[in-house]
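All remarks here apply to the structure that follows.
The values are calculated or read from the model by the stated rules, or taken from the named source; none is laboratory data. Just so you know, these numbers come straight off a predicted model, no measurement behind them. Ideal geometry is used to build each Cβ from the backbone, glycine not excepted, and the neighbour counts take in all protein chains shown. Only protein heavy atoms, including side chains, enter the accessible area calculation; ligands, DNA and RNA are left aside. Shrake-Rupley method; radii C 1.70, N 1.55, O 1.52, S 1.80 Å.
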Amino acid sequence: MTSHAPTISFRHMLLAGTAVALVAFAPSAGFAGERAAGLAQLKFAQANPDDKDKKDDLRAPPKQAEPPKPSAPPAAAQKPAEPPKAAEKPAEKPADKPAAAPPPKAAAPAQPAPPAAAQKSEPAKPDAKSDAKPAPAQNAAPKETPKQAPKDAPKAADNPPAKQPPAAAQPKATESKPSDPKAVDSQKAEPAKPAEAQKDNAQKGEASKDAAAPANPAAVAPPTQARSASEFLQKKGEKPAAGFDDIKRQRREVREGNRTFIREPDRTIVRDGRRTIIRHNEATRFAIDARGVHVDRKGGTVTTIVTRPNGVRIITTTDERGHLLRRVRETNGRSIVIIDNTFAGAQRDYFIEVPPPRFRGPRDRYIVDAGRVRRDRIYEVFVAPPVAPVARRYTLEQVRYSEPLRSYMPRVDLDINFATGSWQLSPDQVDELSIIAAGIEQAIKKNPREVFLIEGHTDAVGSDIDNLSLSDRRAEAVAVALTERFNVPPENLVTQGYGEEYLKVETDGPSQENRRVAVRRITPLIDRQTADRGNRR
């Protein structure tokens with residue numbers, strides 16, 4: 001009796017100590033179920049004091065019974081989920097979450113789902129290492145997390161704002177964060193708007209260009225801005241500019257039926273059977289050194305208004321096919337009609353078959369060489385009537401392209417020689433035009449509606465297409481020089497190139513006499529009143 005009593009009391013003491021230890025290690029907010037489980041363990045231990053493995057197994061069931069806890073404290077489950085993320089990336093994720101969370105407020109409750117997956121994946125690693133350690137690890141987690149959460153959370157939230165200002169840091173975080181689909185979509189959408197706007201503007205610009213372009217392939221678009229006279233007038237000491245090769249490279253050929261259209265930047269060459277002509281828009285010459293250029297399309301007509309440096313406005317109206325309808329000069333509130341082709345209606349025929357005139361006088365009174373006559377003789381030619389009566393009134397287009405009709409008026413051949421392949425005038429050549437400018441100005445003072453045709457010609461060397469384009473530019477160069485150097489009104493001048501079609505000297509080789517420019521008064525051919533006065537003489 002005496003020997004057995006001490007052993008029993010010692011065993012009871014061990015059991016009592018174990019019970020105290022279990023109660024001490026239980027959570028501070030312990031449940032009655034856990035204490036009942038501890039008492040069950042004590043009773044089981046008294047019955048089987050030597051089975052240690054079963055003790056471990058009995059400790060596990062109460063730990064598995066913890067999953068119902070999330071229903072009671074869900075906020076506590078979320079808080080332990082954030083500290084491990086803050087421990088891994090303390091500066092990025094806490095800063096990214098507030099940046100991504102404010103735009104979609106509904107995204108905040110959706111974020112606790114990933115932390116739950118993270119909690120399940122993290123304890124899976126220690127479970128794989130051993131089966132006995134997961135139990136204390138799970139018991140320790142709720143103890144450590146409440147202590148670390150309040151310490152680590154403010155560090156993760158306070159440090160980033162201290163290092164990065166919220167106004168500057170948040171845009172950078174949203175731009176560099178690829179995982180946020182809304183942020184990425186917004187980034188893609190924002191730069192896409194200006195790109196789309198540029199595309200829309202480009203499409204609108206192309207549409208406006210297409211609308212400004214003439215519908216007829218033979219027509220030439222009007223100018224849209226002022227030009228420089230340096231294209232035609234060579235400065236002193238400079239060599240002629242080589243630009244004709246560039247013009248040939250820019251040519252585009254279009255065929256419609258039996259006609260071929262060769263388009264250049266500012267001209268169109270039309271080949272119709274055995275006839276080849278070149279067309280341009282006179283308003284482009286008016287735009288040289290102009291104050292302003294305005295183009296208006298309305299009701300099948302195109303009106304180009306060019307304001308010259310002296311304030312004079314030149315109003316040119318054409319139809320959709322590019323045919324000239326009217327040319328008007330406005331100055332000081334007064335309008336003068338220089339050319340009026342509206343009487344002819346729709347123009348279809350360029351070429352007029354008229355019998356050539358019979359001139360019985362001396363040849364030097366019909367074709368005048370400007371370098372061999374006096375100044376007053378030039379003026380006499382510019383006011384002379386037709387060499388034969390004119391049957392009726394013709395349009396400007398018919399005069400341009402019908403050589404027998406033009407031959408009713410005498411002409412003046414200019415003493416100007418262009419360099420091969422060039423249409424620029426040197427300063428010395430411009431000075432030779434003074435006698436022509438004086439005669440034209442004197443005639444315009446007498447009749448402000450006088451119109452003079454400047455014809456360009458080349459020799460037979462080279463391509464007929466190249467010569468036609470070159471001669472048209474040479475005629476324009478003379479008109480530009482008369483206006484820019486001698487103040488001849490540009491609206492009283494008309495230019496046209498004929499290439500090698502009308503050779504002065506019949507030769508296929510180079511000829512300075514064939515590289516010429518001629519001036520002809522054509523007012524009696526296009527103005528009925530002037531023609532009637534001339535016929536009565």
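Filter region 232-245 for residues that are closer than 17 Å to V430 by Cα and either of a type in the set (F, W, Y) or crowded, with 17+ Cβ neighbours inside 10 Å (or both); which is nearest to the chain's Cα centre (by Cα)? Filtering first and then ranking leaves F232. The single residue among A419, A437 that is without any contact (Cβ under 8 Å) to a residue 60 or more places away in the chain and closer than 30 Å to K236 by Cβ turns out to be A437.
Quick test for you: out of A481, A518, pick the one residue that is open to solvent by less than 20 Å² (accessible area, probe 1.4 Å), of a type outside the set (F, W, Y), touching a helix residue (DSSP H, G or I) at 6+ places or on another chain (Cβ under 6 Å) and not in a loop (DSSP other than H, G, I, E, B).
Just a single option satisfies the conditions, and that option is A481.
Of everything listed in (1) open to solvent by 30 Å² or more (accessible area, probe 1.4 Å); (2) closer than 22 Å to V494 by Cβ; (3) part of a strand (DSSP E or B), the single unmet condition for V254 is (2).
The condition of being buried (at least 21 other Cβ atoms within 10 Å of the Cβ) and either small (G, A, S) or touching a residue at least 60 places away in the same chain (Cβ under 8 Å) (or both) holds for only one of R473, R528, that being R473.
The residues in region 296-316 that are crowded, with 19+ Cβ neighbours inside 10 Å and touching a helix residue (DSSP H, G or I) at 6+ places or on another chain (Cβ under 8 Å) can be counted, and the count is 5.
What do you reckon, is D266 over 22 Å from G456 (Cβ atoms) and open to solvent by less than 80 Å² (accessible area, probe 1.4 Å)?
On the way: over 22 Å from G456 (Cβ atoms): no; open to solvent by less than 80 Å² (accessible area, probe 1.4 Å): yes.
Taking the combined requirement at face value, the residue does not satisfy it.
Right, D319: among the acidic types (D, E), touching a His at 6+ places or on another chain (Cβ under 8 Å) and open to solvent by less than 40 Å² (accessible area, probe 1.4 Å) or not?
Details: among the acidic types (D, E): yes; touching a His at 6+ places or on another chain (Cβ under 8 Å): no; open to solvent by less than 40 Å² (accessible area, probe 1.4 Å): yes.
Considered against the rule, which asks whether it is among the acidic types (D, E), touching a His at 6+ places or on another chain (Cβ under 8 Å) and open to solvent by less than 40 Å² (accessible area, probe 1.4 Å), D319 comes out as no.
Select from region 493-514 the residues that are out of contact with any Gly (no Cβ under 6 Å at 6 or more places or on another chain) and under 23 Å from P427 (Cα atoms) and write down the one among them that is surrounded by the fewest Cβ atoms within 10 Å (Cβ to Cβ).
Our first condition is that a residue be out of contact with any Gly (no Cβ under 6 Å at 6 or more places or on another chain); within region 493-514, this holds for 493-496, 498-514.
Restricting the remaining residues to those that are under 23 Å from P427 (Cα atoms) gives 493-496, 511-514.
On the way: L493: 25, V494: 25, T495: 25, Q496: 21, S511: 18, Q512: 11, E513: 13, N514: 21.
Looking at the filtered set, the residue picked out is Q512.
I'd like to check something: does region 485-504 contain any residue that is outside any loop (DSSP other than H, G, I, E, B) and under 25 Å from G237 (Cα atoms)? Give the steps one after another, and end with the answer.
Taking region 485-504 as the starting set, the residues that turn out to be outside any loop (DSSP other than H, G, I, E, B) are 485-486, 490-497.
Subsequent filtering for residues that are under 25 Å from G237 (Cα atoms) retains 485-486.
Yes: one or more hits.
The criterion of at least 2 residues that are open to solvent by 30 Å² or more (accessible area, probe 1.4 Å) and acidic (D, E) is met by the following helices (runs of 4 or more DSSP H) wholly inside region 323-440: 375-382, 427-431. As for region 453-461, it holds no residue that is within 39 Å of the chain's Cα centre (by Cα) and assigned to a helix (DSSP H, G or I).
When D289 is tested against (1) in contact with a helix residue (DSSP H, G or I) (Cβ under 7 Å, 6 or more places away or on another chain); (2) within 20 Å of Q496 (Cβ to Cβ), only condition (2) is not met. Residues being assigned to a strand (DSSP E or B) and under 29 Å from the mean Cα position of the chain (by Cα): count how many of those fall in region 294-317. Of the residues in that region, 12 qualify.
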